[in-house]
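S.K.: I have a structure I would like to understand better, so I am pasting it below and will then ask my questions one at a time.
Only the coordinates and a few stated rules stand behind these numbers; no lab work does. Worth saying up front: this structure is predicted, and the values here are computed from it rather than measured. Neighbour counts run over all protein chains shown; Cβ positions are idealised from the backbone, glycine included.
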Amino acid sequence: MGVKVAPSLLAANFINLQADIEMLNQSEADWLHLDVMDGVFVPNISFGFPVLKAVAAVCQKPLDVHLMIENPDKFVNEVRDLGAMMMNVHYEACPHLHRTIQRIKEAGMRAGVTLNPATPISLLEDIIGDVDMVLLMSVNPGFGGQKFIPHTIERLQKLRDLIERQHAHALIEVDGGVNLETGKRLIDAGADILVAGSFVFKSPQPKEAIHQLKTL
C-alpha cells in the first residue's frame, strides 16, 4: 500500500474555498485534513463547525478532523454529525484518553491520537492497541508554514517499533513542514499518511504536488 496524502485545509484559499475543495475532489488526495484550533490549547484560532459543515457538504474525500482544542470530548457528536471518518485528539488535552477513544469509536468514527513534538512516544505504551492512528506533529501546532523538526524522524522510528512490538495496527500520520524532501524521509522511516498544507495549496499546480507526494 502506498502512502496516503491528506492536504490540510488550513493552507487553502478561504476567499474561494469551494474551488480548492473541488480541486481536491479531482485529485489523488486520500483524505482532507481539518485543523480545528481554539486559541487556548494552541495560540491560534482556525475555523469552527459552520465552516466544517460547509466543507463536508462538498468534499468527496474522507474527513480527517484534528482537534487542537481543550476538552475535545465535548465535540464527539458534532464531529460525528459531519460524517467524519477520523476524529483525532491530542494526548496533551485528554486527561482520560482511554475514555475519549472509546467515545469516538462508539460514535462510529476511527480514533486518532496526536503527540506534540516534545511529548514522549513511550506515553502511548498503554493505549497504542486501542487507537486507529497516531499523528506526530513535526512542527509546533498552531500555525501553518513552519519548518520541519528533524528529530521527528527518530520519533517516527520509535513509534513504528512500538506498534510492531505490540502487534498493534495503528497508522502513522505526520503533519508539519511536509514537502518532497521531508516526505521521502518520513515514508522511509515508516509513515503511512502525510499531511501537507502549504506544499499543496501554495503550489502553482496543486494536483501535481499531490501526485508527487503520492509517488515518492
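S.K.: Dipole magnitude of the range 73-141 about its Cα centre, charges +1 at Lys/Arg Cβ and -1 at Asp/Glu Cβ only, in debye to the nearest 20?
M.R.: 140
S.K.: Hey, another quick one. How many lysine pairs are close in the chain, with Cα atoms under 22 Å apart and the two 8 or more places apart or on different chains?
M.R.: Final tally of qualifying lysine pairs is 25.
S.K.: Which of rounded, prolate or oblate describes the range 1-44 when judged by the alpha-carbon gyration tensor and an a/c cut-off of 1.5?
M.R.: oblate
S.K.: If you place +1 on the Cβ of every Lys and Arg, -1 on the Cβ of every Asp and Glu, and leave all else neutral, what size is the dipole of the range 18-64 about its Cα centre, to the nearest 20 Debye?
M.R.: Using Cβ point charges on Lys, Arg, Asp and Glu, the range 18-64 gives about 180 debye.
S.K.: Another one. I need the GluC sites (Glu not before Pro) found in the range 122-175, filtered to DSSP loop residues with at most 13 other beta carbons within 10 Å of theirs.
M.R.: Of the GluC sites (Glu not before Pro), the ones in loops of the range 122-175 whose Cβ has at most 13 other Cβ atoms within 10 Å are 125.
S.K.: Can you pull out the trypsin sites (Lys or Arg not before Pro) in the range 133-216 that DSSP calls coil and that have at most 16 other Cβ atoms within 10 Å?
M.R.: 147, 202
S.K.: Gain in length, residue 13 to residue 168, computed as 0.36 nm per residue apart minus the alpha-carbon separation, to one decimal in nm?
M.R.: Length gained between residue 13 and residue 168: 52.0 nm.
S.K.: Can you compute the modelled spin-label distance between residue 99 and residue 215, with each label point 7 Å from Cα toward Cβ, in nm?
M.R.: Going from the residue 99 label point to the residue 215 one covers 5.0 nm.
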